[in-house]
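K.L.:
Okay, handing you the structure first.
Every number here is computed from the coordinates shown, using simple stated rules; none is lab data. All values reported here derive from a predicted model rather than from experimental measurement. Ideal geometry is used to build each Cβ from the backbone, glycine not excepted, and the neighbour counts take in all protein chains shown.
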Amino acid sequence: MKNSTNGKKNPALIVLAAYMTIVAIGILAALVNAWRSGKILP
Amino acid sequence: MNSVSRPISTGTRPSIWRSIVMFLSIVGPGIITANADNDVGGILTYSQAGAQFGYSLLWLLVPITLVLIIVQEMCARMGAITGKGLADLVRENFRVKVTFWVLLLFVLGDLGNTATEFAGVASSAPIFAGYLPFVNPEAFKIAMVVGAAVFVFTTVTKGSYKLIERVFFLFCAVYVAYVVSAVLVHPDWHDVIRSSFIPQFSGSKAYVLMIIAVIGTTISPWMQFYIQAAVVDKGIREEDYKYSRLDVVTGAIWTDVIAYFIIVACAATIYVHNLHVPAAHQIAVNDPGDVAVALTPLVGKFASLLFALGLLNAAIFTASILPLSTAYYVCEAFGFERGVDHAFKDAPIFYSLYLSLVAIGAGVVIVPGAPLLGIIFYSQVANGMLLPIVLVLMLLLINRPHLMGKHVNGPILNVITWAAVVVVAVLTVVSTIQGIFPSLGSV
């Protein structure tokens with residue numbers, strides 16, 4: 001993840017961004033399911 | 001995190017007494033962090049794991065303890081060798097944009113963790129209210145949460161929190177109650193031992209989420225920032241590091257021994273009880289106070305009171321450390337003035353962030369009908385899901401020779417930590433897919 005100055009995307013950053021998106025979706029999905037099922041815990 | 005007291009080092013071979021004195025002068029970061037790990041989220045998640053899945057998750061604590069020791073040791077080593085905090089190293093070695101987005105996620109996670117601590121205070125309030133005449137439980141809950149927030153903010157900003165920290169640290173001995181209670185309840189030790197070493201796995205959504213929550217509450221991302229900052233703050237250097245390592249290992253083992261017995265106590269009481277009674281008479285864990293049943297074999301009718309005291313202690317102990325640690329590492333990363341020895345006007349970002357975390361964390365839980373158990377549980381799930389990010393950053397940093405010199409990770413530590421990253425990341429992806437397609441997780 002070194003600074004890239006030639007404008008090319010660093011693959012490690014793309015993986016990190018993808019994982020951060022999955023985390024956000026995962027937490028949101030768990031919360032929505034808890035809310036829809038009416039059960040706080042799974 | 002504002003005082004620096006460097007232990008004296010001569011570099012000569014120390015005598016056994018000198019070694020003991022050195023250990024005692026350096027002890028702290030590992031053991032304090034470990035006890036902060038047994039916070040409200042930890043107590044409730046372990047309790048829920050035992051109550052819902054019996055002994056079947058005990059095996060998880062063996063690899064978790066190994067990874068916890070390795071991860072905490074890595075942070076302590078980075079602190080001792082570089083003399084810098086984790087956030088500082090991240091900003092120096094990666095782009096500011098990366099640092100910003102990563103820290104934003106951790107701050108949001110820490111906000112959930114801070115709310116978790118105040119949810120612990122709120123959860124203990126009705127139990128205390130039950131022992132007091134003429135008290136409205138809802139009003140008492142609000143008063144306790146606001147009182148706890150004011151207490152935490154005042155003691156920390158007035159600089160007396162180091163003393164308070166030691167007082168609460170002593171009260172952590174209350175966790176031993178779980179060990180005694182687990183023995184008194186006569187669990188099936190054959191089953192306990194077998195479940196401790198033979199992994200059991202279920203693909204159900206609930207089981208996967210619980211595994212992530214147990215991992216997340218035991219190896220919380222915020223702890224890695226905290227322990228490294230504490231090692232730097234204490235002035236521990238390369239030559240004294242071996243004592244610090246012992247402190248870290250002792251603390252990690254202690255925290256997971258307590259976690260182990262919380263699971264055993266809750267499994268042997270709540271889970272076993274629920275196996276033998278009709279659904280209508282089962283103990284449903286709808287409120288943190290419900291898991292106090294696990295302490296009944298030890299203290300009978302005072303189980304709830306002991307549990308509430310333990311929960312309150314854990315809550316205030318960690319609420320004193322966690323938002324402070326968060327404000328500290330954010331300011332460290334972006335070069336803002338930080339530390340409780342500064343006046344507000346000299347460190348406005350530090351104080352604003354700290355105050356916001358405490359105020360929002362406390363404010364969320366006093367909303368009438370706030371799902372306290374949900375806040376606690378899902379904050380631990382978030383911790384688990386965020387863990388691979390901090391582990392990858394740590395691995396990239398600790399393997400850079402220009403930072404660590406001869407103290408870079410060996411291959412075994414790298415393999416184990418990368419394996420932990422992959423396992424938790426896969427569990428996160430599986431859990432996300434199950435969350436989007438619930439039918440896949442209804443095994």
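K.L.:
Most exposed first by the Cβ proxy, i.e. fewest other Cβ within 10 Å, how do B:45, B:82, A:21 rank?
P.N.:
So the residues, fewest neighbours to most, are A:21, B:82, B:45.
K.L.:
Principal axes first, then extents: for the Cα atoms of the range B:391-431, list largest minus smallest coordinate on each axis, whole Å, largest first.
P.N.:
39, 18, 6
K.L.:
Fully extended, how many nm does the chain gain between residue B:204 and residue B:275 (0.36 nm per residue separation, minus their Cα-Cα distance)?
P.N.:
Roughly 23.7 nm would be gained on extension.
K.L.:
Beyond 16 Å, what share of the Cα-Cα pairs of the range B:106-148 is found? Please give it as a whole percent.
P.N.:
Considering the range B:106-148, 39 percent of its Cα-Cα pairs are separated by more than 16 Å.
K.L.:
Pick from B:56, B:352, B:304: which residue has the top mean-square fluctuation in a GNM of chain B where Cα pairs under 10 Å get a spring?
P.N.:
B:352
K.L.:
Taking every residue in B:384-393, how many Cβ atoms of other protein chains lie within 10 Å of its Cβ, on average?
P.N.:
Other-chain Cβ atoms within 10 Å of each residue's Cβ, averaged: 3.
K.L.:
Where the centre of each part is set by its Cα atoms, how far does the range B:353-372 sit from the range B:74-148, in angstrom?
P.N.:
Going from one Cα centre to the other spans 11 Å.
K.L.:
Placing one identical point scatterer on every Cα of the range B:25-154 and ignoring solvent, what is log10 I(q)/I(0) from the Debye formula at q = 0.18, 0.20 Å⁻¹?
P.N.:
-1.22, -1.27
K.L.:
Could you put B:317, B:336, B:134 in order, starting from the residue whose Cβ has the fewest other Cβ atoms within 10 Å?
P.N.:
B:134, B:336, B:317
K.L.:
If you don't mind, there's one more thing I want to ask. Can you give me the pair-distance distribution of the range B:238-278, C-alpha pairs, 5 Å bins, whole percents?
P.N.:
Pairs per bin, as whole percents: 5, 20, 14, 12, 12, 9, 8, 7, 5, 4, 2, 1, 0.
K.L.:
I would also like to ask the following. Take the cross-link list B:158/B:234; B:158/B:345; B:141/B:205 and give me the ones stretching past 26 Å between alpha-carbons.
P.N.:
Pairs exceeding the cut-off: B:141/B:205.
K.L.:
Another one. Average partner chain C-beta neighbours within 10 Å, per residue of B:372-381?
P.N.:
3
K.L.:
Through the Karplus equation 6.51 cos²θ - 1.76 cosθ + 1.60, θ set to phi - 60°, convert the phi angles of the range B:194-210 into ³J(HN,Hα) values in whole Hz; use x for Gly and Pro.
P.N.:
4, 5, 6, 10, 10, x, 10, 9, 10, x, 5, 4, 5, 5, 4, 5, 5
K.L.:
Using a Förster distance of 45 Å, how high is the FRET efficiency between residue B:412 and residue B:341, based on the Cβ-Cβ distance and rounded to 0.05?
P.N.:
Using R0 = 45 Å, I get an efficiency of 0.65.
K.L.:
Show that you can apply the helix-only estimate: for chain B, add -39,500 (n - 2.57) for every DSSP H stretch of four or more residues, divide by all residues, and state [θ] at 222 nm to the nearest 500.
P.N.:
-23500 deg cm²/dmol
K.L.:
On to the next question. Quick one: what Rg and Dmax do you get for the range B:320-443 from the alpha carbons, in Å?
P.N.:
Cα only, the range B:320-443: 19.4, 56 Å (Rg, Dmax).
K.L.:
Can you work out D for the range B:212-351 in µm² s⁻¹ from Stokes-Einstein, where Rh is the Kirkwood radius over C-alpha pairs, the temperature is 10 °C and the viscosity is 1.306 mPa s?
P.N.:
My calculation gives 86 µm²/s for D.
K.L.:
A further question on this structure: Can you give the Kirkwood hydrodynamic radius of chain B from its Cα pairs, in Å with one decimal?
P.N.:
Result for chain B, one decimal place: 22.3 Å.
K.L.:
Based on the mean of other beta carbon atoms within 10 Å per residue, what is the order of B:360-366, B:371-377, B:272-278, most packed first?
P.N.:
The packing order, highest mean first, is B:371-377, B:360-366, B:272-278.
K.L.:
Over all alpha-carbon pairs in the protein assembly as shown, figure out the percentage whose distance exceeds 40 Å.
P.N.:
When all Cα pairs of the protein assembly as shown are counted, 17 percent exceed 40 Å.
K.L.:
Apply 1/(1 + (r/R0)^6) to the Cβ-Cβ distance of residue B:439 and residue B:359, taking R0 = 45 Å, and write down the FRET efficiency to the nearest 0.05.
P.N.:
0.65
K.L.:
Given Cα pairs under 8 Å that are at least 6 residues apart, what percent is the relative contact order of chain B?
P.N.:
36
K.L.:
Could you state, as a whole-number percent, how many of the C-alpha pairs of the range B:174-274 are farther apart than 17 Å?
P.N.:
Summing the P(r) of the range B:174-274 above 17 Å gives 66 percent of all pairs.
K.L.:
Ok, one more. How well do other chains shield peptide B:426-439, expressed as the mean number of their Cβ atoms within 10 Å of each residue Cβ?
P.N.:
Rounded to a whole number, the mean comes out at 4.
K.L.:
Let me ask something else. Could you go through the range B:245-255 in sequence order and give the Karplus-derived ³J(HN,Hα) for each residue, using 6.51 cos²θ - 1.76 cosθ + 1.60 with θ = phi - 60°, rounded to whole Hz, and x for Gly and Pro?
P.N.:
With the stated coefficients, the range B:245-255 comes to 4, 5, 4, 5, 5, 4, x, 5, 5, 4, 4 Hz.
K.L.:
Sticking with this one: When only DSSP loop residues count, what chymotrypsin sites (Phe, Trp or Tyr not before Pro) in the range B:223-294 have their Cβ near at most 10 other Cβ atoms within 10 Å?
P.N.:
For chymotrypsin sites (Phe, Trp or Tyr not before Pro) across the range B:223-294 that sit outside H, G, I, E and B with at most 10 neighbouring Cβ atoms in 10 Å, the list is empty.
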